[in-house]
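Asker: Pasting a structure below so you can have a look.
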Amino acid sequence: MADTADPAAFYADPDLAMASIETEVETDPDNSNSIPMKRKTPPTEPEPVMIKSEATEEAVEHAVDSALKHALDISQALRAHINNENSTSEGDKKRCGKEVLKWMEEIGELQKAHSEFEVLIGVAGRTGAGKSTILNTLLEIPELLPSSNSEAATACVCRVSWNIDDTPGRNFKAEVIFRSREDVEHELDDILSRIKKREQRDDDYAGEMEDSSDLDAALDKVDENAEEDRAIAEGLKKIKAVWDLDEDDVNDMSSQDILASKSDVLELLGTTKEIYSDDPDKFSGQVKPFMDSSENLQGFRAWPLITEVRLFLKVPFLKHGVVLIDLPGLSDSVESRAQVAERFKQKLNIVTIVNPARRAIDDKTGVDLMTDYQTLRMQLDGKYHRKSFCVAVSQIDEIDCDVFIKGNRKAEKNIDIQKTLKAIHTLSQKAVGHAQLLKDENAALEKLDKKLDTLDAKLDAMNPTGKGSRSKKQEERKEAAQERGKKARQVNGLKRQMAVIDQQLSAARARQKWEALVRNSRSDKKQYDGSVDIIPVSATAYRNLLKDRKPEAFPTKRHTGIPRLRQWLVDSTLERREQHLDATLNALRRLLMSCQQWLSTNSSVRALEFPREIVRDVVSRAYDDFLKDLQQELGHGSKDIQKLDPFVKIKAAEVNFRKVACASAARWAVKYPEDPKSSALMHFATFNAILQRNGGPFHSMAREKIEYDLPKAMTARLLAPIVQDWHKTFHVYIPSTERPIMQSIERVCDEFLKRLVEQVGAVAPNIMPQFADKAFVAVNNSKNELRDRVKAALRNLSESSSAVHPEFLGSLKENLVPIFQESLKHTGTGHFRKRRKFLLAQVKQDFQKIFMAGYEKMVEKHTMSVRILPHVFSETAAFVASRVIAQIMLQLDELSGTSGKDWAVADMQPGLEQRLRVNVKTWRTDWIFPTLDQDGLVREDVDIPKEYGEEMEEVSVKPERKRRKKVEVEVKTEDEHEGGKIKKESMDED
């Protein structure tokens, strides 16, 4: 196994993943559009073809979708025939062979797995970072999710996925999941209890102030209650939102009274409400009361009653299993909602941290803003690399890069930034020059207008009979009008040039923001494969462009960064989607071949005479040996994996861990715990509030909200030393075992095929080479399915790490709670220092118990995960071996021209058989000549243009209005009836 700490490089290497498959490529000679099948020697008869070998992922998606559609049609037709009441046979098993039933069952399982496949993308960030606004623009529905720049607008977890419902009027669908009555009643009881305790507390405090000789102790007690007052305020906000009751209203009410005050609210608890619409704006308005916790929304607001909101949308971006999770900005005091958020965090495949540009300006990236525990968690989960994690720098339209870049050493040394600055300077000078020129030309145009007005006045005052002088003036006016037209065209040309320069300048400034923020947002935190992707975005500018507005510095959608972020998310899901599609396609390939062979059995014109029962007996004995060998080799592989130990460093460094734990406890009262250089202490009232919450989570009320979680802080420091070994075990060594396992499996398959052909050839030589070719195809396909299932089992084991390490944190919290509660008993003057000293002493004293309990829980969880691997491998071997033998038995039926009982269907009429044949033919045709759907995850050109004239919209400038004054001209008519007299005509000025 390769000793590397780069899982991204391992997973991204297709040669490593497929190194054990060194085969030649052969295609159907009768069809140039077929997908290649990997084989060492070509069978004499071409096997079923698939999609084009150069097919894009869209073609693979189409192949899977179309195959499942046809397979379900076949299954439903068979099921309808089996359940026909007029039939003489009774029961599925009596009317249908076991292999046909298994075929239908497997189709159902594949359909279910495909419809439920999803890649979870979590969007996280602090309150007001713009998460919801970014999600809205990614989905191109500007007002879908509630957003606020100053407060938390999204109150609960919101899950956004593709809508499979094609019912008219249901393009947009929502499922709002309400909390149970018991859960809400428990929270109301807690709020009311806190209010009553506060009243008693205030009375006690007034007496203490009169009698107390220790004024400091009395004041300390007031500060200790600050957290309690904040909890009451939060609770009253929720009651106001749902029941429209103030504190005075609830003083004499019980939780049951509050619940009963609105019967319609009571009816919602414990239910799931569904909302449908075809109009995105109407849909947004309908779901907002269930999600928006800001003060902007008036009237009934149900967000305190919601556990989770699920949105199902007909948006192409979501079509192939992409699921967006909008996570609340802060930890939730409602336990049920916090559990939902935590459950999603454990399952997330990809994470996008949204970090406002104003923080990036202050050298705080999304990576650096994560707590040490969040970083540790991503490292242990194998997601701390650029394939699973990116930072979206939001709200870039709100910053002035000129101020930021000035005096910034990084910017001064960066060639790209300086090149862009030079371009901005050149374009700015050009704009100034054109502006002055335009000003001069406009002045000249005004002079010509005045000249024309003067000439018009003189013409009006002239005697109409003064032919000579009037004609001269008219000629002079005509020349002036022509000169003015020429000048007006020059002005319009300058305006168009100015518009182009403005767009180029806008594009350059957008690129300036992009480059400055990306360069400045690099993190110093160590990562496995280098820096994460930093993607500056302006969701506001993108939204304005959707509404045909022209935001400054963002001339096109590409300049906003939103298309770049969307493409990154698509690319990050690619590996998982490919694995799922490959596994599904391999299974469908076998099922199609089985169905083709079954339907061709009775109509075969190549029926051969051979001792069928003897051959079937030979195949059955070969199956027993094949299954035994497969299980043996997979058993060796599982034993090798069980020997891997991610806990080696823990066992070897227990003394050092004690020192780390004590150092962590000593910093529990530090104001900025994530800054190792900081020694400033937090306010004692903040520390007391943290202890009252059993160590956190607690968020400070300061302008820059800081999350404090003492157990997580200690966990981050205790588990940090094992990250490297943990990562290698779960995310390098375990995946790398696929190659040697598959090499041994290939050997077993090859030996099985060789023995089978020799043994069958000895008793039935006349069915060779047809049998050998068909057996080869069946065994070769089984290798692909084996690989898919082995890879899935290893991937599941690797991902089990995300469920192992939280056991340590859970145990640590459980053991620290009594210590935190005991520390609160230290009161009076100097209690801040007393409590800190007590906590440090207890950690030193009880470390063995605290640490070993968490360690043992992790080991137990990991052991359970590894222990089931032999069983999974054994089941995999049994399934694949049984499918290979079933297909070979079916091939024997096809060669003999008679159906065996395993594939028999009673009373099947010619019409049904013809229908099934048409379905199979259409299935096969759809694979050969796919009709691709362009609404899927199509790759876009998303990079910010490097040339400032690239991808500019056509500039349209309103032309200068031409003077079209009615003037009188003298013309000589040639009409004989008018005698060639002079006639005055009124016409437009040319």
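The values are calculated or read from the model by the stated rules, or taken from the named source; none is laboratory data. Not measured: the values here are computed from a predicted model. With ideal geometry, Cβ positions are generated from the backbone for all residues, glycine too; neighbour counts draw on all protein chains shown. When the accessible area is computed, the model is the full protein with side chains, heavy atoms only, and any ligands, DNA or RNA have been set aside. Shrake-Rupley method; radii C 1.70, N 1.55, O 1.52, S 1.80 Å.
Asker: What single numbered condition from (1) farther than 30 Å from Val748 by Cα; (2) open to solvent by 70 Å² or more (accessible area, probe 1.4 Å) fails to hold for Gln759?
Answerer: In the conditions (1) farther than 30 Å from Val748 by Cα; (2) open to solvent by 70 Å² or more (accessible area, probe 1.4 Å), Gln759 misses (1) alone.
Asker: Is it true that Val859 is under 18 Å from Ser638 (Cα atoms) and open to solvent by 10 Å² or more (accessible area, probe 1.4 Å)?
Answerer: Answer is yes for this residue.
Asker: Restricting to the range 93-146, name every residue that is part of a strand (DSSP E or B) and within 15 Å of Leu324 (Cα to Cα).
Answerer: Residues satisfying the conditions are Val119, Leu120, Ile121, Gly122, Val123, Ala124, Gly125.
Asker: Here's something else I'd like to know. Kindly indicate whether Asp249 is under 25 Å from the mean Cα position of the chain (by Cα), open to solvent by 20 Å² or more (accessible area, probe 1.4 Å) and modelled with pLDDT of 85 or more. Walk me through how you get there before you give the answer.
Answerer: Working: under 25 Å from the mean Cα position of the chain (by Cα): no; open to solvent by 20 Å² or more (accessible area, probe 1.4 Å): yes; modelled with pLDDT of 85 or more: yes.
Answer is no for this residue.
Asker: Restricting to the range 225-252, what's the tally of residues that are within 21 Å of Trp303 (Cβ to Cβ) and either free of Cβ contacts under 8 Å to residues at least 60 places away in the same chain or not acidic (Asp, Glu) (or both)?
Answerer: Taking the range 225-252 first, the residues within 21 Å of Trp303 (Cβ to Cβ) are 230-247, 249-250.
Keeping just the survivors that are either free of Cβ contacts under 8 Å to residues at least 60 places away in the same chain or not acidic (Asp, Glu) (or both) gives 230-233, 235-247, 249-250.
The number of residues fulfilling the criteria is 19.
Asker: How many of the residues making up the range 829-856 are open to solvent by less than 20 Å² (accessible area, probe 1.4 Å) and either at pLDDT below 90 or of a type in the set (A, V, I, L, M) (or both)?
Answerer: 7
Asker: Quick check on the range 270-305: of everything there that is of a type in the set (S, T, N, Q) and in a loop (DSSP other than H, G, I, E, B), which residue is modelled with the lowest pLDDT?
Answerer: Out of the qualifying residues, it is Asn296.
Asker: Suppose the filter is more than 30 Å from Gln642 (Cα to Cα), assigned to a helix (DSSP H, G or I), at pLDDT 85 or above and open to solvent by 40 Å² or more (accessible area, probe 1.4 Å); does Arg917 pass it?
Answerer: Details: more than 30 Å from Gln642 (Cα to Cα): yes; assigned to a helix (DSSP H, G or I): yes; at pLDDT 85 or above: yes; open to solvent by 40 Å² or more (accessible area, probe 1.4 Å): yes.
Here the answer is yes, as Arg917 does meet what is asked.
Asker: For the range 766-821, which residues satisfy the criterion of being among the hydroxyl-bearing types (Ser, Thr, Tyr) and within 29 Å of Ile650 (Cβ to Cβ)?
Answerer: Selection gives Ser798, Ser800, Ser801, Ser802, Ser811.
Asker: Something else about it: Kindly indicate whether Phe873 is part of a helix (DSSP H, G or I), crowded, with 18+ Cβ neighbours inside 10 Å and at pLDDT 85 or above.
Answerer: Taking the combined requirement at face value, the residue satisfies it.
Asker: If Ala764 satisfies all but one of (1) under 29 Å from the mean Cα position of the chain (by Cα); (2) farther than 23 Å from Phe879 by Cα; (3) surrounded by 20 or more Cβ atoms within 10 Å (Cβ to Cβ), what's the number of the condition it fails?
Answerer: All conditions are met except number (1).
Asker: Name every residue in the range 550-599 that is over 30 Å from Met889 (Cβ atoms) and polar (S, T, N, Q), in order of residue number.
Answerer: Passing the criteria: Thr556, Thr560, Gln567, Ser572, Thr573, Gln579.
Asker: Looking only at the range 797-829, which residues are among the basic types (Lys, Arg) and either in contact (Cβ under 8 Å) with a residue 60 or more places away in the chain or in a helix (DSSP H, G or I) (or both)?
Answerer: Lys813
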